[in-house]
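The values are calculated or read from the model by the stated rules, or taken from the named source; none is laboratory data. Remember, it's a predicted structure, so these values are computed and weren't measured experimentally. So basically every Cβ, Gly included, is an ideal-geometry build from the backbone, and we count neighbours across all protein chains shown.
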Amino acid sequence: MKKLIATGVLLLASSGAAFASVVPEIFTTNAAHYSTGTSTTDWIKTLSVDKFDGSLGRLLSVDINWNTEVVTQATIRNDNETTAGIQLTSTQNVDFNFNGTESGSTAGLDTGFNLYASGETKVFGPQTDNFSDSLSITSDLGSWTGTDFLDVIASTLGGYGVMGGGGNMEASVATTALAEFDVVYSYTTETPLPAAAWLFGTGLMGLVGVARRKKAAKLAA
């Protein structure tokens, strides 16, 4: 029994040493930049992202920093014979779909309610709205790993509405948008200790405890 206990303690110590060695050292790849470029909305664009090279190690997370820029200009003209008032509001969404993980921004322009003399034209803007955010993806990492590409979808959708005015008020909105993002892969080269090793170590610890209780019982007798 003493020999068995000694063996168990040795193996348990080895298991503990193995545990200490599995604290992962985390590495990151250099950020890769992707951009749609600036163009007139509305649009849908597909950006092909290089997947994580699995030969480097085990992927832990996909860290993304994105930015959008929307430029909006509104023009209103009164073609009525009399003075008229009108208010215009517009919105422009820029959305990302990172392999099922969605994020994005909403820009808006509001002219407020204004009076226009007959034949008068007013221009509002250009107004520039910038938004940025970050996210970390830690699920479904297998789809981000490989030697090919993964498609990220960027899209815009906007519209405007007017309140007031007469039958001869002309309103128009011109909008451009940019969507861009950086991708960083965080990974480790360590391999997690198999669950069987932990079970084995736990069993050995229990065996040591039983042996000690038996020895204590003999001494008491």
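Taking D42 as the residue in question, decide whether it is not small (G, A, S) and not in a strand (DSSP E or B).
When the stated conditions are applied, D42 passes them.
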query: in the same structural domain as V183 (by TED's automatic domain parsing), in a strand (DSSP E or B) and under 16 Å from the mean Cα position of the chain (by Cα) - does that describe any residue in segment 107-127?
result: no
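Any chance you could count how many residues in segment 128-143 are acidic (D, E) and not in a strand (DSSP E or B)? Spell out how you get there, then give the answer.
Within segment 128-143, the first condition is being acidic (D, E), and the residues that meet it are 129, 133, 140.
Right, trim to not in a strand (DSSP E or B) and you get 140.
Number satisfying all stated conditions: 1.
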When restricted to A177, A171, the only residue assigned by TED's automatic domain parsing to the domain that holds S39, over 26 Å from the mean Cα position of the chain (by Cα) and hydrophobic (A, V, I, L, M, F, W, C) is A171
When restricted to K51, K45, the only residue at pLDDT 95 or above and touching a helix residue (DSSP H, G or I) at 6+ places or on another chain (Cβ under 7 Å) is K51
Determine if segment 60-80 includes at least one residue that is of a type in the set (G, A, S), at pLDDT 95 or above, farther than 30 Å from G164 by Cα and part of a loop (DSSP other than H, G, I, E, B).
-> no
A32 fails exactly one of (1) of a type in the set (A, V, I, L, M); (2) more than 30 Å from G166 (Cα to Cα); (3) touching a Phe, Trp or Tyr at 6+ places or on another chain (Cβ under 6 Å), namely (3)
Pairing a residue in segment 160-187 that is at pLDDT below 95 with any residue that is surrounded by fewer than 15 Cβ atoms within 10 Å (Cβ to Cβ), where Cβ atoms lie under 6 Å and the two sit 6 or more apart in sequence or on different chains, gives G164/G85
Requested in this report: Check whether at least one residue in segment 100-113 is in contact (Cβ under 8 Å) with a residue 40 or more places away in the chain and under 30 Å from L60 (Cα atoms), and report yes or no.
Outcome: yes
_When you check S39 against the structure, is it small (G, A, S) and over 22 Å from S172 (Cα atoms), yes or no?_
no
Practice problem: Test I86 against the stated conditions and say whether it is crowded, with 18+ Cβ neighbours inside 10 Å and in the same structural domain as K45 (by TED's automatic domain parsing). | Solution: yes
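Test T156 against the stated conditions and say whether it is in the same structural domain as L60 (by TED's automatic domain parsing), at pLDDT 75 or above, closer than 22 Å to Q92 by Cβ and of a type outside the set (D, E, K, R). Give the steps one after another, and end with the answer.
Numbers: in the same structural domain as L60 (by TED's automatic domain parsing): yes; at pLDDT 75 or above: yes; closer than 22 Å to Q92 by Cβ: yes; of a type outside the set (D, E, K, R): yes.
Yes.
So which of T188, T145, T138 is closer than 30 Å to I26 by Cβ, among the β-branched types (V, I, T), loosely packed, with under 12 Cβ neighbours inside 10 Å and touching a strand residue (DSSP E or B) at 6+ places or on another chain (Cβ under 9 Å)?
Numbers: T188 fails: loosely packed, with under 12 Cβ neighbours inside 10 Å; T145 fails: loosely packed, with under 12 Cβ neighbours inside 10 Å.
Result: T138 is the single residue among T188, T145, T138 that is closer than 30 Å to I26 by Cβ, among the β-branched types (V, I, T), loosely packed, with under 12 Cβ neighbours inside 10 Å and touching a strand residue (DSSP E or B) at 6+ places or on another chain (Cβ under 9 Å).
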